[in-house]
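Note sheet for the following structure.
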C-alpha cells in the first residue's frame, strides 16, 4: 500500500472574514472605473477600501457628497448596477447643459478619486413589488433603475417574464444598448423594444420611431394590463405614460415611477415661504407653546414653534445637518431621535428598519413635544 502525503492546514493562521454589508448611511468609496456609454453619458463604478457587500434593492438610489468650488454639494443618482455583483456599485450620469454636478462628474471624476455617498434608499424597486410579469418603461437616462432591475432578474435566473421598452432621441442616444441586447440574446423571457424619436442622415434604424403610444404598446406587450409596470424618465414622459394607462383603466396600484432632478422652483418657493411663516409664528405664540430641541452630541439647544422641522431647529442652533432634496427623498439628513415624539412625512428616503431604530429625516420631521436628537 502506497503512502500518501497529507497536508494538515493550520486553521489558526487564517484571518476571519470580516466583510460588511452596506446599510443606509454615509460611506467612503473610491471610483474604480469610468465607462463611456454614449456621447453624453458615463457610468462611474465605485468600491470601498474595506470589503463591503453593496446590497440594495434594484431601483434604489444613492446621494453623492461632492466638493465643487469649495462648496459641499449633494446630488442623488439611481444605481444602475445590480446587487448580484456585490462588491461594487455604479451610477450612470448624463451630461446636462448647465448641470453643475453632471458636468463636474464628466469632467473631473476619474479612477482612484474618493468621495462620500449616502444611502441606499428608495421605495421604487422590484423587490417590494414582486410579480412574474413586468413591463419596464423608460425614457432617456431613466433607463438606469430599469437596468438594475433587469440585471438582477437576469443574473439570478428569476422566473420573471420581462418586457423592456426604452425611448431615446436617436439611435446614438440609446444607453446600455449592447448590454440589453446581450440579455435578450441569452434568455427567452426577455423581450426588448427600442423607440427613437428620430434618426439622422447616415443612421440605420429598423425599430419604432416617434413616441410611445397606445397602438405601439399594444403591439409590443398585448398583455400590458396584466403586468407590473415600472416607469422612469423625464417628467413629460412619465405624465404621458400615466395618462395613457389611466385612459385604458389600468390598475394604477400596479404602476410605479421614479424621477430625479434639481428641486423645482415651486418647491423652493414653498420652502422659503414656509420658513418665513414659521418665523412669524414663533414671534406670535407665547413662550409656553415653544418646543425644545436638544442636540446631544454638540450640547446645543433651541426653542422652535410647532410645525418647524428638526432641520430648521438645527440651523437656528448654528448646526449644519447635510441635506440634498429637502423633501424626504434622498435620506441625506438622517439623524437619530434619542427621546421624544416626532411626526415624519417622508417620500421613501428612509427604511423601516431605520425608523424602528429611532432614525428620522430631519428635513421632514416636526417635533410633537420636547425632543433630544443625536447630533
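For the structure I just gave you, tell me whether residue 318 is farther than 26 Å from residue 123 by Cβ, more than 26 Å from the chain's Cα centre (by Cα), at pLDDT 75 or above and surrounded by fewer than 16 Cβ atoms within 10 Å (Cβ to Cβ). Yes; evaluated as a whole, the condition is true for this residue. Provide a single number: the residues in the range 335-352 that are surrounded by 17 or more Cβ atoms within 10 Å (Cβ to Cβ) and either closer than 12 Å to residue 310 by Cβ or touching a helix residue (DSSP H, G or I) at 6+ places or on another chain (Cβ under 6 Å) (or both). Here the count works out to 5.
Against the conditions (1) on the phi > 0 side of the Ramachandran plot; (2) outside any loop (DSSP other than H, G, I, E, B), where does residue 90 fall short? Just the number, please. Of the numbered conditions (1) on the phi > 0 side of the Ramachandran plot; (2) outside any loop (DSSP other than H, G, I, E, B), the odd one out for residue 90 is (1). The single residue among 10, 5, 24 that is at pLDDT below 75 and surrounded by 13 or more Cβ atoms within 10 Å (Cβ to Cβ) turns out to be 24. Inside the range 41-72, residues that are assigned to a strand (DSSP E or B), surrounded by fewer than 23 Cβ atoms within 10 Å (Cβ to Cβ), touching a strand residue (DSSP E or B) at 6+ places or on another chain (Cβ under 9 Å) and at pLDDT 90 or above make up a count of 8. For the range 177-193, a residue qualifies if it is more than 9 Å from residue 164 (Cβ to Cβ) and not in a loop (DSSP other than H, G, I, E, B), and the qualifying residues are 177, 178, 179, 181, 182, 185, 186.
This table checks each residue for (1) at pLDDT 95 or above; (2) within 23 Å of the chain's Cα centre (by Cα); (3) closer than 30 Å to residue 55 by Cβ.
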position	(1), (2), (3)
153	yes, yes, yes
169	no, no, no
180	yes, yes, yes
183	yes, no, yes
194	yes, no, no
205	no, no, no
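If you go through the range 93-119 and pick out every residue that is on the phi > 0 side of the Ramachandran plot and under 16 Å from the mean Cα position of the chain (by Cα), you end up with 1.
One line per residue, one yes/no per condition, for (1) crowded, with 17+ Cβ neighbours inside 10 Å; (2) in contact (Cβ under 8 Å) with a residue 40 or more places away in the chain; (3) in contact with a strand residue (DSSP E or B) (Cβ under 8 Å, 6 or more places away or on another chain):
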residue: 170; (1), (2), (3): no, no, yes
residue: 182; (1), (2), (3): no, no, no
residue: 188; (1), (2), (3): no, no, no
residue: 191; (1), (2), (3): no, no, yes
residue: 197; (1), (2), (3): no, no, yes
residue: 206; (1), (2), (3): no, no, no
residue: 220; (1), (2), (3): yes, yes, yes
residue: 234; (1), (2), (3): no, yes, yes
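At least 2 residues being within 30 Å of residue 61 (Cα to Cα) is the threshold, and among the strands (runs of 3 or more DSSP E) wholly inside the range 283-375 those reaching it are 334-339, 342-344, 359-361, 365-367, 371-374.
The values are calculated or read from the model by the stated rules, or taken from the named source; none is laboratory data. Bear in mind that the values here come from a model prediction, so they are computed numbers and not experimental data. When we count neighbours, we look across all protein chains shown, and the Cβ atoms used for this are built from the backbone with ideal geometry, even at glycine.
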